[in-house]
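The values are calculated or read from the model by the stated rules, or taken from the named source; none is laboratory data. What you see is a predicted model, and the numbers here were worked out from it, not measured in a lab. Because the Cβ atoms are built from the backbone with ideal geometry, glycine has one as well, and the counts that use them run over all protein chains shown. Protein only, heavy atoms only, side chains kept; ligands, DNA and RNA dropped before computing areas. Shrake-Rupley method; radii C 1.70, N 1.55, O 1.52, S 1.80 Å.
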Amino acid sequence: MKKIVGIIGSLRKDSIHRVLFNEYKEISNDQFELIEGEIKDLPLYNQDIEDQPNSVAALARKVASADGILFFSPEYNYSIPGGLKNALDWISRDDDKPFDRKPAAIIGASPGAIGTARMQYHLRQVGVFLNIDFLNKPEVMVGKAYDKIKDGRLIDDGTIQFLKKHVEAFSAHIEN
Ligand SMILES: Cc1cc2nc3c(=O)[nH]c(=O)nc-3n(C[C@H](O)[C@H](O)[C@H](O)COP(=O)(O)O)c2cc1C
């Protein structure tokens, strides 16, 4: 079975993106295995650090061996959360270029109406340099997310059905 690495851009324990990761894992478990690529233990990127930290090496190997990457990320100040950008910067310096031509997609949710659109286009822009093979459509931008995610579960049927469609599209994307 294909293996997908999910990177969650929020570090907080009650993250709605962690809920979405768990729901997506459940919805997609007959198509591929979704495992987490944790970013919380990575040090801040510093070009003076010449030896790759173990936490970075572990994540880089996970990304390199994955059949695809799913980013579950909030938008912070109209852009990519620092922790996620830090992880991308670390992995970009790995000799194997783990993201090169890697199929990927973005799942984002916000309490407001826009549903992380601005973060997603910044992430796609970074993906141009890293040569990430992002799925274009469907885009997943869940607005009014605090009405749809409660007590650690996704309770909005429309969003669940939409995620099922996304699983189909992403499954086809990783086959190409
Ligand atoms: C530092 C910070 C900046 C934020 N900036 C935005 C923003 O630009 N756009 C937005 O829609 N929500 C913004 N939010 C609200 C987040 O969408 C909201 O906190 C969301 O629940 C974070 O995702 P999480 O639950 O997975 O941690 C911001 C939150 C924080 C903590």
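Carbon and sulfur: what percent of the chain's accessible surface (1.4 Å probe)?
48 percent
Protein chains only, probe 1.4 Å: how do F134, F32 rank by accessible area, largest first?
Largest accessible area first, the list is F134, F32.
Under 1.5 on a/c is rounded, so check that first for the range 113-176, then, if it is not, pick prolate when a/b is larger than b/c and oblate when it is not; a ≥ b ≥ c are the square roots of the alpha carbon gyration tensor eigenvalues.
Verdict is oblate for the range 113-176.
Treating only the Cβ atoms of Lys and Arg (+1) and Asp and Glu (-1) as charged, compute the dipole magnitude of the chain about its Cα centre; round to the nearest 20 debye.
For this selection, approximately 420 debye.
Pop out the ³J(HN,Hα) list for the range 39-50 in order, Karplus 6.51 cos²θ - 1.76 cosθ + 1.60 with θ = phi - 60°, rounded to Hz; leave Gly and Pro as x.
Couplings: 10, 5, 9, 6, x, 5, 4, 8, 5, 6, 6, 8 Hz.
Using protein chains only and a probe of 1.4 angstrom, how many square angstrom of D67 are accessible, to the nearest 10?
50 Å²
Between L163, A145, I174, whose Cα lies farthest towards the positive end of the dipole of the chain when Lys and Arg beta carbons carry +1 and Asp and Glu beta carbons carry -1, centred on the Cα centre?
Of L163, A145, I174, it is A145.
Once phi is turned into θ = phi - 60°, what whole-Hz ³J(HN,Hα) does the Karplus curve with 6.51, -1.76 and 1.60 give for every residue of the range 53-60, x standing for Gly and Pro?
Those phi angles translate into x, 4, 5, 6, 4, 5, 5, 4 Hz.
Any idea of E168's accessible area? Nearest 10 Å², probe 1.4 Å.
Solvent-accessible area, nearest 10 Å²: 110 Å².
Between I149, I69, I106, find the one with the highest GNM mean-square fluctuation for the chain; connect C-alpha pairs within less than 10 Å.
I149
Could you go through the range 169-174 in sequence order and give the Karplus-derived ³J(HN,Hα) for each residue, using 6.51 cos²θ - 1.76 cosθ + 1.60 with θ = phi - 60°, rounded to whole Hz, and x for Gly and Pro?
Per-residue couplings from phi come out as 5, 6, 4, 5, 5, 6 Hz.
Would you calculate, for the chain, the mean residue ellipticity at 222 nm contributed by helices, counting each DSSP H stretch of 4 or more residues as -39,500 (n - 2.57) and dividing by all residues, to the nearest 500?
-12500 deg cm²/dmol
Compute the FRET efficiency between D96 and N29 as 1/(1 + (r/R0)^6), taking r as their Cβ-Cβ distance and R0 = 35 Å, and round to the nearest 0.05.
After rounding, the FRET efficiency stands at 0.80.
Have a look at the DSSP beta bridges in the range 57-143 and tell me what percent are antiparallel, nearest 5.
Of all bridge pairs located within the range 57-143, approximately 10 percent are antiparallel.
Would you work out if the range 56-103 is rounded, prolate or oblate? Take a ≥ b ≥ c from the square roots of the eigenvalues of the alpha-carbon gyration tensor; rounded if a/c is under 1.5, else prolate when a/b is larger than b/c, oblate otherwise.
Cα axes put the range 56-103 in the prolate bin.
Can you give the % of DSSP beta bridges in the chain that are antiparallel, to the nearest 5?
Among the beta bridges of the chain, antiparallel pairing accounts for roughly 15 percent.
Would you look at the GNM of the chain, springs on alpha carbons closer than 10 Å, and say which of D30, D51, D14 moves the most?
Result for the chain, Cα springs under 10 Å: D51 fluctuates most.
Between the range 130-153 and the range 46-107, how many Å separate their Cα centres?
19 Å
Rolling a 1.4 angstrom probe over the protein heavy atoms, how many square angstrom per residue are accessible across the range 3-175?
About 51 Å² of surface per residue is accessible.
Which residue, I80, I155, I49, has the most motion in a Gaussian network model of the chain that connects Cα atoms within less than 10 Å?
I49
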